[in-house]
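Since every read-out is calculated from the coordinates, none of them should be taken as a lab result. All figures in this text were calculated on a predicted structure; none of them were measured in a lab. Every residue, glycine as well, gets a Cβ built from its backbone with ideal geometry; the counts of neighbours run over all protein chains shown.
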Amino acid sequence: MTLVLGAMDGELEAVIRGMTVGMRSEWRGFRFAQGSVAGVPVVVSRTGAGKTLSAMVTGYMINRFRPRRILCVGLAGALRDDLEVGDVVVARDTIQHDVDASACGFAPGRIPGTGYRELACDPLMLAVARAIDPPQGRAICGRVLTGDRFVDDPGERAALARDFGGDAVEMEGASIGLVATVHEIPYLVIRTISDVATGGASGSASGAPVPREYLRAGLSAALCRAGANSWHYVRGMLEALRGEGEQTRL
């Protein structure tokens, strides 16, 4: 079974519309659907925003469904000047950029007392995703950074790119990746760029403040684009991976 996770309903709506749904359920307010895509069993679940909720929901889903792999989809902000709104970043690894125990001698991003910093995505899933052409824009393979805040300051974005080698930044991927890694479950993060490094959600190169109504309109459009990309990659990947012997059974 493949577990597909996204923070917001809009990031998953196209996946749920496209899949064959067998059952819809809810756990503590978090909605999820069970069914299949391309003959492969799937569970598609909203995690909520941020590291704590996404880790909590991922742990619950692992304990309940014992997934074979985990795919995290949705939006991210660009940390590279050459990325445009609508482009796709397929993660080779993830890091929690807001974990900082450097005062105790740990490298920024390293979780104290553990060996966890760069959380490598599954090579097979990565190879399959990289072979899929995006429905629009372009796709790159890169590093996705995760932290519990929305990063919209150009200076901070430049620092994240410089200090962590990040290509995109969001709020769930590395927390999901950490839970998956500890449980030894292959995972992959695929993100659609919603806003670019030089401005706000509108993608304005000036970096000037963007009125809230434009931000809301930009987010709505970005969610539609991300949802379409999510379905495109989920379907393409599971069509390619169904030869691994999985049956349509939950």
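Just rank 172, 184, fewest to most, by other beta-carbon atoms within 10 angstrom. Intermediate values should be presented prior to the final figure.
Numbers: 172 30, 184 6.
Taking fewest neighbouring Cβ atoms as first place, the list is 184, 172.
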Note to self: For a Förster distance of 41 Å, can you work out the FRET efficiency between the beta-carbons of residue 60 and residue 102, rounded to the nearest 0.05?
What the structure shows: 0.80
Notebook entry, point to check: Where Lys and Arg each count +1 and Asp and Glu each count -1, what net charge lies around residue 141 among other residues with Cβ under 15 Å from its Cβ?
Noted result: -1
Check: How far is helix 9-18 tilted, in degrees, relative to the longest principal axis of the Cα atoms in the chain, given as a value from 0 to 90 rounded to the nearest 10?
Finding: 30
Notebook entry, point to check: Nearest 0.05, what FRET efficiency do residue 21 and residue 162 give at R0 = 30 Å with Cβ-Cβ as r?
Noted result: 0.10
Next item on the list: Among 170, 26, rank each residue by its count of other Cβ atoms within 10 Å, from fewest to most, as a rough exposure measure.
Entry: 26, 170
Next item on the list: Would you give the gap between the C-alpha center of the stretch 1-45 and the C-alpha center of the stretch 121-184, rounded to a whole Å?
Entry: 22
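Please work out how much length the chain gains when fully extended from residue 28 to residue 124, using 0.36 nm per residue of separation minus the C-alpha to C-alpha distance, in nm with one decimal. Could you put the intermediate results ahead of the total?
Values: separation 96, 0.36 × 96 = 34.56 nm, distance 3.30 nm.
The span from residue 28 to residue 124 would gain 31.3 nm if fully extended.
Provide the net charge surrounding residue 192, with neighbours chosen by a C-beta distance below 12 Å and charges set as Lys +1, Arg +1, Asp -1, Glu -1. Display every interim value, and only then the final one.
Numbers: positive: 138, 191, 225; negative: 11, 84, 87, 170, 195.
So the surrounding residues net to -2.
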Next item on the list: Enter the angle in degrees (range 0 to 90, nearest 10) between the Cα long axis of helix 173-182 and the first principal axis of the Cα atoms of the chain, meaning the one along which they spread out most.
Entry: 50
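Counting pairs of alpha carbon atoms under 8 Å apart in space and at least six apart in sequence, what relative contact order in percent does the chain give? Before the final figure, lay out each step's value.
Working: 569 pairs, mean separation 70.2, N = 250.
About 28 percent, as a whole number.
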Next item on the list: Mind pulling the angle between the C-alpha long axis of helix 51-65 and the longest principal axis of the chain? Nearest 10 degrees, somewhere in 0 to 90.
Entry: 10
Notebook entry, point to check: What trypsin sites (Lys or Arg not before Pro) does the stretch 100-162 have in DSSP loop regions with at most 15 other beta carbons within 10 Å?
Noted result: 138, 149
Check: How big is the convex hull of the Cα atoms of the stretch 2-244, per residue, in Å³?
Finding: 120
Next item on the list: Would you mind ranking 54, 220 so that the residue whose beta carbon has the fewest other beta carbons within 10 Å leads the list?
Entry: 220, 54
Next item on the list: Please turn the phi angles of the stretch 105-112 into ³J(HN,Hα) values with the Karplus equation 6.51 cos²θ - 1.76 cosθ + 1.60 (θ = phi - 60°), one per residue in order, whole Hz, x for glycine and proline.
Entry: x, 9, 5, x, x, 7, 7, x
